[in-house]
Protein chains: 2
Amino acid sequence: MKQIRQMAGKLRREDIQSHVKLKGWVQKRRDLGGLIFIDLRDRSGIVQVVFNPKTSEKALEIAEKVRSEFVVEIDGEVVERDGSTVNPKMETGEIEILATRLAILNKSKTPPFQIEGETDVAEDLRLKYRYIDLRREPMQNTFKLRHQTTQVIRNFLNEEEYLEMETPMLTKSTPEGARDYLVPSRVHPGEFYALPQSPQLFKQLLMVSGFEKYFQFARCFRDEDLRADRQPEFTQIDIETSFMTSEEIMAMTERMMKKVMEQVKGIDIETPFVRMGYDEAMERYGSDKPDTRFSMELVNVSEAVKASGFKVFSSAVESGGKVSALNVKGKASEYSRKDIDQLTEFVKIYGAKGLAWLKVESGELKGPIAKFLSDEEAGNLQSLLAAQDEDLLLFVADKTSVVHESLGALRLKLGKELKLIDETQFNFLWVTEWPLLEYDEELGRYFAAHHPFTMPVQEDMEKLETNPGEVKAEAYDLVLNGYELGGGSLRIYQREMQNKMFEVLGFSAEEAEEQFGFLLDALENGAPPHGGIALGFDRFIMLLAGRTNLRDTILFPKTASASDLLTEAPGSVSKTQLDELNLTVKDNKKD
Amino acid sequence: MKQIRQMAGKLRREDIQSHVKLKGWVQKRRDLGGLIFIDLRDRSGIVQVVFNPKTSEKALEIAEKVRSEFVVEIDGEVVERDGSTVNPKMETGEIEILATRLAILNKSKTPPFQIEGETDVAEDLRLKYRYIDLRREPMQNTFKLRHQTTQVIRNFLNEEEYLEMETPMLTKSTPEGARDYLVPSRVHPGEFYALPQSPQLFKQLLMVSGFEKYFQFARCFRDEDLRADRQPEFTQIDIETSFMTSEEIMAMTERMMKKVMEQVKGIDIETPFVRMGYDEAMERYGSDKPDTRFSMELVNVSEAVKASGFKVFSSAVESGGKVSALNVKGKASEYSRKDIDQLTEFVKIYGAKGLAWLKVESGELKGPIAKFLSDEEAGNLQSLLAAQDEDLLLFVADKTSVVHESLGALRLKLGKELKLIDETQFNFLWVTEWPLLEYDEELGRYFAAHHPFTMPVQEDMEKLETNPGEVKAEAYDLVLNGYELGGGSLRIYQREMQNKMFEVLGFSAEEAEEQFGFLLDALENGAPPHGGIALGFDRFIMLLAGRTNLRDTILFPKTASASDLLTEAPGSVSKTQLDELNLTVKDNKKD
């Protein structure tokens, strides 16, 4: 193929004396001593172009009309820069283009904000003019990285003989799980499709079809109230496979992650990843997605303080709760009483009633609760917490879930505040041995902790009837730097087991048949043992790109109210459209 | 990675004496002289397994319980078959497995239909039990081919530096084009998203963002009444690029197609593809997507018959229409008067009032209209149509559009009937020089022939105001074997031109701003010249796989009434769901 255009950002010293044709955007223009300098930007980067009356009067004349973000075409010669004007900060800084011709392909208004690197422009404005925001280098880089990661993963899965397959978007609404986005049917008035929350059932059916290894970059939808790290539509790397064990699926995922880290980040990560049971994760990190880039673990001190004179401690243990502590090493002096009061307010968000504290001074525990502790208790605490002079010890005593949640959150807050986190690390971790079910006190029934198709572990099968709350699942979550990257499980593949599961979840036989009849049928028509995993791709890209805002990893994201500020979706539709769908919008909510 | 399981279909003579572990489905079981034979099927193919009491009583005993489509695990040894039992039709036919162990992983009911090659089972039943239908070899092969084609295209575009990018599914409804699928918003009561008919505007915005080269396997949605070759959701290979000419985009597409044909079909196709103007395609093939695998072209004979005594001919020409003919070579004796009557009924479907005919016998034209033709007219006709003895000549005289449509359809019908088509050929063709606009007599306004963002050709710019109907578009359609694979165009990239286009289409400035304000804004904020193409991926796979039913290329397709017979989508939803969306379903249509 004849190369008729060169890429601005790729020109180097070797290209000196070449004649080039460039097309791109005017990053900026400077007029200096009768010359005009333009920084020309295209997808590959930036190069400096010089307009000189001696080379071309005409080009110089046109260059005078050029403004930022004009789209131009330039012919010219690559020349060496004077020693004094070499710019070592630019990749093309050793050369410049002496322009012989300039054409304006399209003009531009003054952009609503400057196209620079990182920016503090209000996000709403960036989203309204997303096509301009996306011109910024960090955004360009993020989406190039996203593309590259996609290809690495596809090539890996292709090599491992997974078939990329497309499941439907217009599917059936199911009541378990999050809220569905619905799509009214015109042909079947009063009926609705639902957009998929995940291709879960279809990928299971593909296993029943004998495809054995499936993957898809699947768009998924959840109509939930949005938090900073949620979007109404998101992409997951969706994988399902037949005849493999949990360990084999985890090992395959590790090979995939190793390849991504190697090819995208140039980092060699160690496999297998650490595996940690759910209970251990909660006990040690107060989180089911531990950030293991720093230690400062939760320490269970219940035994040491269960007979303590400090009633808050002893009664928490007595009533079936626990007392755990964090040792904030060497920071005793940095935290005043007032600072600790603020930490106390923080843990209250998570339901803790208070935050007890001690400081270690000259080998002794000091602080308001010290006087309630016997020497033996104090000694045991110091030893359990490996407490030394200048350490600050923070305690929560409460029911177990509150202790874990509040200290887990406090640990993360302090980790960030005290810069304990090595931001260059990528710590992958498997959390395993999940509970299969969660009991909802309010509704008085069990819910599936993951989804109702998850297999119980073999040894707990019998407990499903006697003590469902204690049954563990054949499930595994992949955690990266404290974020849940995704998770998977082996699935139930026998009809009787699936029936039993629906029973435990409070479905009548009719309800199960009505909603999941096709799955139940499939399970008794030659369903193989199968399982899989789904990884949140947007979040993975966020972590790989070192971003903190999920919206920076999605080309055209929605706001917290699920609006697209660029196209102004959602919007009103015509009466004809509603009539065709046999729908009316109620007025009452509009008031 | 330790290979703990072998693939059934890959075992060969070289594997004799190996111990293997196989997992898969029982294709069939035969009992013969105290032995049991099982054909074991997995994703890779089929192998024969023998259960022999001398090898394992236990395994034989379990094998007795096994039925078709049971899922089993087998340990055994690969052994040579006796000469007499070698099956040359099976790839694994030289060997069999002597089973030492058998485990039933899951049972199966008797399948609702047999899993065989091509099948004549009713499609509704196949769709209801799609997970069983997909086990058939032709289906497995189609989806393996689909996967492979996907990878070839991705690798090609990756090498040419296109970035794979994901555009939103929850977008804004726009009135131009087909009917949108709508998605009610819960957060904004009474407002709706629309599912994309194509990512057209987003890919244009990505060009304005400076990404320069974009692609996506994009899921698209159209709520139209379905024909055999339409689905409510479908996949297109969506490509957009900046700074390239139509010719460059077509050349890139040709490189891509060449690679697919080479790597997927092992066929070396010639490039560049034939390019044919729209007018020529209509004149010669009566179609804007000519099947060029056979000739039998339409021949315009208006000049030869305009003064004919046969009034049907002369008055058609006189009133601005035309007379064209097909020469059905050497088939005069095969078509009786009754046969020709049936062809006449066929062309009437397309609005033709009749079908005139002549046969050539001993160098003379014979037939009911022969007597109206002068010797000169007859001679001219024979020469124009290269008519020889035994040829059948078929004429339609009408307004031009009817002549083209009816003879174009008749040509295809006869091509199939007379087996004139070489089914092994893949004939790619570009149709270019499309009209930009189509006039709707009923509504009294112009509509965009492709979409309102298509660029007019440079030389017709001025006609946009004076004679819009004659303006040609910078557009190109890719045709394969008479199917429209897809099409593309250069896009309008300047606001004034886009304003003018909306004006011609009858939009007020306010309407244009209301619906496409964000695009108009983008065009005056540094939009580069850009264009692209979109190819129907499902249809492409249909042609590559040699299928005739589009539904055979989609894993879980919808029926003609847009239903999924497997999951029974669409379905009813709860009152709570409707209340949350602030919607009511009207009763009247249900009566």
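The values are calculated or read from the model by the stated rules, or taken from the named source; none is laboratory data. In this text the structure is predicted, and so the values were computed from the model without any measurement. Using ideal geometry, Cβ is built from the backbone for each residue, glycine included, and neighbour counts are taken over all protein chains shown. These area figures cover heavy atoms from the full protein model, side chains too; ligands, DNA and RNA do not enter into them. Shrake-Rupley method; radii C 1.70, N 1.55, O 1.52, S 1.80 Å.
Sorted from closest to farthest, the other copies place their B:T110 label points 8.3 nm away, with each point set 7 Å from Cα along Cα→Cβ. Nonpolar atom fraction for chain B, defined as the carbon and sulfur part of the 1.4 Å probe accessible area, stands at 47 percent.
The residues of the range B:550-571 listed by number as losing at least 20 Å² of accessible area in the complex, against the isolated chain and with a 1.4 Å probe, are B:L555, B:F556, B:K558, B:S561, B:A562, B:L566, B:T567, B:A569, B:P570, B:G571.
The angle between the Cα long axis of helix A:509-523 and the main principal axis of chain A comes to about 60°, on a 0 to 90 degree scale.
Normalised per residue, the accessible area of the range A:294-421 is 48 Å², obtained with a 1.4 Å probe and no contribution from ligands, DNA or RNA.
How many times 2.2 N^0.38 Å is the alpha carbon radius of gyration of chain A? Working shown, then result.
Numbers: Rg = 30.2 Å, N = 591, 2.2 N^0.38 = 24.9 Å.
Relative to the rule-of-thumb radius for its length, chain A sits at 1.22.
Under the convention that each Lys and Arg Cβ holds +1 and each Asp and Glu Cβ holds -1, the size of the dipole of chain A around its Cα centre is about 2960 debye. Among the GluC sites (Glu not before Pro) in the range A:236-274, which ones are in a DSSP loop with at most 16 other Cβ atoms within 10 Å of the Cβ? Mind listing them? Passing both the DSSP loop test and the Cβ count: A:E270.
Within the set A:K21/A:K109; A:K399/A:K500; A:K399/A:K463; A:K258/B:K107; A:K289/B:K21; B:K128/B:K213, which residue pairs have Cα atoms separated by over 30 Å? Working shown, then result.
On the way: A:K21/A:K109 25 Å; A:K399/A:K500 32 Å; A:K399/A:K463 25 Å; A:K258/B:K107 38 Å; A:K289/B:K21 37 Å; B:K128/B:K213 41 Å.
Correct reply: A:K399/A:K500; A:K258/B:K107; A:K289/B:K21; B:K128/B:K213.
Each residue, B:E91 and A:A178, gets one label point 7 Å from its Cα in the Cβ direction; the gap between the two is 4.1 nm. In this structure the amide hydrogen of A:M455, modeled in the peptide plane, comes within under 5 Å of the amide hydrogens of A:E474, A:L490, A:R491, A:I492, none closer than 5 places in sequence on its chain.
Between B:K109 and B:K306, the contour length at 0.36 nm per residue exceeds the alpha carbon distance by 63.8 nm.
For the range B:341-445, trypsin sites (Lys or Arg not before Pro) meeting the loop criterion (DSSP other than H, G, I, E, B) and having at most 16 other Cβ atoms within 10 Å: B:K353, B:K399, B:K419. Computed 3J(HN,Hα) for the range B:321-330, one whole-Hz value per residue from the Karplus formula 6.51 cos²θ - 1.76 cosθ + 1.60 where θ = phi - 60°, is x, 8, 10, 10, 9, 10, 9, 8, 4, x, glycine and proline marked x. The value of relative contact order for chain B, using C-alpha pairs under 8 Å at least six residues apart, is 13 percent.
Give, in nm to one decimal, the length gained when the segment between A:N467 and A:T400 is fully stretched (0.36 nm per residue of separation minus the Cα-Cα distance). Spell out each step's value before the answer.
Values: separation 67, 0.36 × 67 = 24.12 nm, distance 2.00 nm.
That works out to 22.1 nm of additional length.
Principal axis analysis of the Cα atoms in the protein assembly as shown yields extents of 129, 103, 67 Å, listed in decreasing size. Bridging of A:K329 to lysines at a Cα separation below 16 Å is possible for A:K359, A:K366, A:K413, A:K416, A:K419, once same-chain residues fewer than 8 apart are set aside.
Are there any GluC sites (Glu not before Pro) in the range B:387-459 that are in a DSSP loop and have at most 14 other Cβ atoms within 10 Å? List them by number. Write out the running numbers ahead of the final one.
Details: sites: B:E390, B:E405, B:E417, B:E423, B:E433, B:E438, B:E441, B:E442, B:E459; in loops: B:E390, B:E423, B:E433, B:E441, B:E442.
Passing sites in the range B:387-459 are B:E423, B:E441, B:E442.
Which whole-number value in Å² is the accessible area per residue of the range B:13-106, probe 1.4 Å? Walk me through the numbers on the way to the answer.
Details: 4600 Å² over 94 residues.
Here the residues of the range B:13-106 average 49 Å² of exposed surface.
Using the charge dipole of chain B (Lys, Arg: +1 at Cβ; Asp, Glu: -1 at Cβ; taken about the Cα centre), state which of B:L583, B:V72, B:F428 has its Cα farthest towards the positive end. Selected residue: B:V72.
Rounded to whole numbers, the Karplus 3J(HN,Hα) couplings from phi for the range A:474-484 are 7, 10, 8, 10, 9, 10, 10, 6, x, 9, 6 Hz, using 6.51 cos²θ - 1.76 cosθ + 1.60 with θ = phi - 60°, and x at Gly and Pro.
Modelled label positions at B:A370 and B:T271, each set 7 Å beyond Cα in the direction of Cβ, lie 5.2 nm from each other. The mean sequence separation of alpha-carbon pairs under 8 Å and at least six residues apart, normalised by the residue count of the range A:13-106, gives a relative contact order of 34 percent.
If you take each beta carbon of peptide A:207-218 and count the beta carbons of other chains within 10 angstrom, what is the mean? Walk me through the intermediate numbers first.
Details: counts 1, 9, 12, 15, 10, 6, 1, 3, 1, 0, 3, 0.
Mean shielding count: 5.
Going from the chain on its own to the full set of protein chains, the range A:183-200 has these residues losing 30 Å² or more of accessible surface (heavy atoms, 1.4 Å probe, no ligands, DNA or RNA): A:V183, A:P184, A:R186, A:V187, A:H188, A:P189, A:G190, A:E191, A:F192, A:Y193, A:L195.
Say R0 is 51 Å: what FRET efficiency, to the nearest 0.05, do A:Y483 and A:E80 get from their beta-carbon distance? Before the final figure, lay out each step's value.
Numbers: r = 48 Å, r/R0 = 0.94.
Once the sixth-power term is evaluated, E becomes 0.60.
The angle between the Cα long axis of helix A:337-348 and the main principal axis of chain A comes to about 80°, on a 0 to 90 degree scale.
Placing +1 at every Lys and Arg Cβ and -1 at every Asp and Glu Cβ, with all other atoms neutral, what dipole size does the range B:294-421 have around its Cα centre, in debye to the nearest 20? Walk me through the numbers on the way to the answer.
Values: 17 positive and 18 negative charges, 92 e Å.
Roughly 440 debye for the range B:294-421.
Specify the angular offset, from 0 to 90 degrees and rounded to the nearest 10, of the alpha carbon long axis of helix A:246-260 from the longest principal axis of the alpha carbons in chain A. Orientation of helix A:246-260: about 30 degrees from the principal axis.
Counting, for every residue in B:576-587, the Cβ atoms of other protein chains within 10 Å of its Cβ and taking the mean gives 6.
Between A and B, roughly 11300 Å² of accessible area is buried in total, ligands, DNA and RNA not counted and the probe set to 1.4 Å. Extending 7 Å from Cα along the Cβ direction at A:E345 and again at B:R337 yields two label points whose distance is 10.3 nm. Each copy carries a label point for A:K500 at 7 Å from Cα toward Cβ; from one copy, the others' points are 7.5 nm away, ordered from shortest.
Taking the Cα centre as origin and putting +1 on Lys and Arg beta-carbons and -1 on Asp and Glu beta-carbons, what dipole magnitude results for the protein assembly as shown, to the nearest 20 debye?
On the way: 154 positive and 200 negative charges, 132 e Å.
So the dipole magnitude of the protein assembly as shown works out to roughly 640 debye.
Can you work out the FRET efficiency for the pair B:Q458 and B:D279, with r the C-beta to C-beta distance and R0 = 22 Å, to the nearest 0.05? Don't skip to the end; give the middle numbers.
Working: r = 19 Å, r/R0 = 0.84.
Between B:Q458 and B:D279 the formula returns 0.75.
Taking θ as phi - 60° and the Karplus parameters 6.51, -1.76 and 1.60, the scalar couplings of the range B:362-375 work out to 6, x, 10, 7, 10, x, x, 9, 4, 5, 7, 9, 6, 4 Hz in sequence order, x denoting glycine and proline. With a cut-off of 14 Å on the backbone N, the residues of the range A:155-175 near the modelled label site 7 Å out from A:K259 along Cα-Cβ are A:155-164.
Please give the FRET efficiency for B:K28 paired with B:N141, using the beta carbon to beta carbon distance and R0 = 22 Å, rounded to the nearest 0.05. Before the final figure, lay out each step's value.
Working: r = 20 Å, r/R0 = 0.91.
According to the calculation, E is roughly 0.65.
In the protein assembly as shown, taking the dipole from charged Cβ atoms about the Cα centre, the farthest positive-side position among B:F395, B:I349, A:A534 is held by A:A534.
Close amide-amide hydrogen proximity is noted between A:R101 and A:D75, each under 5 Å apart and 5 or more residues distant or on a separate chain (H modeled in the peptide plane; Pro and chain starts excluded).
Note down the relative contact order for the range A:348-410 as a percent, whole number, built from C-alpha pairs under 8 angstrom at least six residues apart. If you can, show how the numbers build up before the last one.
Working: 70 pairs, mean separation 28.3, N = 63.
The value is 45 percent.
In the range A:29-178, the alpha-carbon atoms span a convex hull of 221 Å³ per residue. How many angstrom lie between the Cα centre of the range A:300-373 and the Cα centre of the range A:491-511? Between the Cα centres of the range A:300-373 and the range A:491-511 lies a distance of 46 Å.
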